[in-house]
Amino acid sequence: MELHVTTYQGRTITTVLRLSGKLDATSYLDVINKANQVFSEGVRQMVLDLSALTYISSAGLMALHYVAMLLRGEAPPDPETGWSALHTAAEQVPEAIQPNLKLLSPQPQVLKTLERVQFTRFLEIYPTLDDALSAFSPLTDRRDQSQRQMRYLQALNPDLPTRSPGKHEPE
């Protein structure tokens, strides 16, 4: 699995963590470690971009739950405890929507797994990056959404041309 991190500095810091490939027993600790790293750097809002994630196992679900608890300011279970950590996660499914973690565009098979284990009860899913980022911002902060999305796309694809803000291409 590959991880790509993009951070947006605005009124608050929001990190987009793009997961590619399979999130399973061989890669779930990578997600947890990266979440711990950005959390220690001050990030309290995160979007997990699942658009390139092709598979998620129970270990991957545990990683998502870990990140949600971390961003809520709660002590997550130790992922090294194996099944007991997963059982703890199952018992601690929150009733309210997680305000600091959003999911972006999961593949149908990943979405089906999230629905099956009822993670969609507390993790909001958005179809576009703009929608996910906007969910963190009051309406007055939404004016630069297209610029944030372009910066995200440029971070993933450095070959994309850059445009100066406010300049329009001729029609």
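The values are calculated or read from the model by the stated rules, or taken from the named source; none is laboratory data. A quick note: this is a predicted structure, and the numbers were derived from the prediction, not measured. FYI the Cβ positions are ideal-geometry reconstructions off the backbone, even for glycines, and counts take in every protein chain you see.
Each row is one residue, and each column tells you yes or no for (1) at pLDDT below 90; (2) touching a Leu at 6+ places or on another chain (Cβ under 7 Å); (3) closer than 26 Å to His65 by Cβ.
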| residue | (1), (2), (3) |
| --- | --- |
| Val110 | no, yes, yes |
| Thr113 | no, no, yes |
| Arg116 | no, no, yes |
| Leu123 | no, yes, yes |
| Ser146 | yes, no, no |
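If Lys34 meets every condition in (1) farther than 17 Å from Leu123 by Cα; (2) not in a helix (DSSP H, G or I) apart from one, which number is that one?
Here Lys34 meets the rest and fails (2).
Condition first: buried (at least 18 other Cβ atoms within 10 Å of the Cβ) and in a loop (DSSP other than H, G, I, E, B). Can you find one or more residues in the stretch 53-69 that meet it?
Looking for residues that are buried (at least 18 other Cβ atoms within 10 Å of the Cβ) and in a loop (DSSP other than H, G, I, E, B), one finds none in the stretch 53-69, hence no.
Condition first: free of Cβ contacts under 8 Å to residues at least 60 places away in the same chain, over 19 Å from Glu2 (Cβ atoms) and of a type outside the set (Ser, Thr, Tyr). Now tell me which residues in the stretch 34-60 satisfy that.
Hits for the stretch 34-60 are Phe39, Glu41, Gly42, Val43, Arg44.
What residue, among those in the stretch 8-21 that are at pLDDT 95 or above and out of contact with any helix residue (DSSP H, G or I) (no Cβ under 8 Å at 6 or more places or on another chain), is farthest from Leu101 (Cα to Cα)?
Within the stretch 8-21, the match that is farthest from Leu101 (Cα to Cα) is Gly21.
Starting from residues that are within 19 Å of Leu104 (Cβ to Cβ), in contact (Cβ under 8 Å) with a residue 40 or more places away in the chain and aliphatic (A, V, I, L, M), keep the ones in the stretch 8-31 and report whichever is surrounded by the fewest Cβ atoms within 10 Å (Cβ to Cβ).
Applying the filter and picking the extreme gives Val16.
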